[in-house]
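Read the structure below first, then the notes.
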Amino acid sequence: MQGKVTKAIFPVAGLGTRFLPATKSIPKEILTLVDRPLIQYAIDEARAAGIEQFIFVTSRGKSALEDYFDAAPELESALRRSGKTALLETLAATDMESGAIAYVRQHRPLGLGHAVWCARRLVGDEPFAVVLTDDVIAGEPPCLQQMIEAHAETGGCMVAATEVPRETTSSYGVLDIAAEDGPLVRVRGMVEKPRPEVAPSTLAVIGRYILTPRVMAHLDRQRAGAGGEIQLTDAISEEIRCGGAVHGFRFRGRRYDCGSKAGFLQATAAFGLAREDLRDEFSAFLGGVMGFARAAE
């Protein structure tokens, strides 16, 4: 019987160089969409999916991530004295039960596969999820919850997948499709960052995975792949070669690539317009900006 997925790995060791100079002193995962940091969106999605143990793969300079999920007694006392109960409730959403979060260090930037491998001893012999905070997904139910519900029927490995323009396939892991059944895609192979002319499809893997413990065994080999890095895609491909089942899952929702400046701005606008307390003022502002831009042309 397929085990229940209760553990998730969050690879957050990256330097965030595309957001310099902000990330010189602030971890990229703390950058905010409206008033919630990227890491909070990822944690909330994982919680909704039933995840109970949260494993952060970090690096030097990421202590702000640990502090974010710690208690803030002075701030809570100040809010309580001021009678700001709504803000207290907002703050409570960031609380994590003692022992729910574990931290491991990735000492060298050797790729996503290596980052996941760093958490191998905390995962043990259970299936686990991997959540990339750069990919913020607006969906109901949340993407990872959709995947875990589907995974209960399929078992094996599962990756979130979405169609991308063919000219962008060199930025993704791309699926070689064997068969399709509604949102599920049976995968016969995966290619990391293929050139558009040789990509097997335009169905790309994005930052949500459910993996079997055998994937960790494949990562144990420490084989360098595309870009000289240890690729998670290669380990999943090895699982296919060993006869393991791998499915792509076309999730319901919209994905924002918050690892890019354009994607981060798009997500900020989308989440701002989704807020009832901000929508009217913000949409009026955006309308004015667009009108000014058209006039300038």
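The values are calculated or read from the model by the stated rules, or taken from the named source; none is laboratory data. None of the values given here were measured: they were computed from a predicted structure. Here Cβ is always computed from backbone atoms with ideal geometry, including for glycine, and neighbour counts include all displayed protein chains. For the accessible areas, the whole protein counts, side chains as well, though only heavy atoms, and no ligand, DNA or RNA atoms are used. Shrake-Rupley method; radii C 1.70, N 1.55, O 1.52, S 1.80 Å.
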Considering amide H positions built from the backbone, and no H for Pro or chain starts, which residues 5 or more places from R105, or on another chain, come under 5 Å of its amide H? T58
Among G287, G243, G156, which one moves the most in a GNM of the chain with springs linking Cα atoms closer than 10 Å? G287
Given the candidates V57, F282, H218, the one whose Cα lies deepest towards the positive end of the charge dipole of the chain, counting +1 at each Lys or Arg C-beta and -1 at each Asp or Glu C-beta, is H218
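At most 13 other Cβ atoms within 10 Å and a DSSP loop assignment: could you name the trypsin sites (Lys or Arg not before Pro) in the stretch 180-238 that fit?
Taking the stretch 180-238 and a limit of 13 other Cβ atoms within 10 Å, the loop trypsin sites (Lys or Arg not before Pro) found are R221, R223.
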Which percent of the accessible area of the chain is formed by carbon and sulfur heavy atoms (probe 1.4 angstrom)? 52 percent
Per residue, the convex hull enclosing the Cα atoms of the chain spans a volume in Å³ of 165 Å³
Over the stretch 36-147, with neighbouring protein chains present, the accessible area per residue in Å² at probe 1.4 Å is 49 Å²
In the stretch 1-74, trypsin sites (Lys or Arg not before Pro) in a DSSP loop with at most 13 other beta-carbon atoms within 10 Å: K4, R60
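So, with +1 on the Cβ of K and R and -1 on the Cβ of D and E, and no other charges, what is the size of the charge dipole of the stretch 99-233 about its Cα centre, to the nearest 20 debye?
The dipole of the stretch 99-233 has a size of about 680 debye.
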Return the sequence-ordered ³J(HN,Hα) values of the stretch 128-134 in whole Hz as given by the Karplus equation 6.51 cos²θ - 1.76 cosθ + 1.60 applied to θ = phi - 60°, using x for Gly and Pro. 8, 9, 10, 10, 9, 5, 4
Distance between the C-alpha centers of the stretch 1-42 and the stretch 126-204? Whole Å please. 20 Å
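Per residue, how much accessible area does the stretch 198-297 show when a 1.4 Å probe rolls over the protein heavy atoms, in square angstrom? Walk me through the numbers before you get to the answer.
Values: 5230 Å² over 100 residues.
On a per-residue basis, 52 Å².
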With +1 on the Cβ of every Lys and Arg and -1 on the Cβ of every Asp and Glu, and nothing else charged, how large is the dipole of the chain about its Cα centre, in debye rounded to the nearest 20? 740 debye
Set of lysines with alpha-carbon distance to K193 below 30 Å, sequence-local pairs under 8 removed: K7, K24, K28, K62, K261
Taking Cα atoms, how many degrees apart are the long axis of helix 143-154 and the longest axis of the chain, rounded to 10 and kept between 0 and 90? 30 degrees
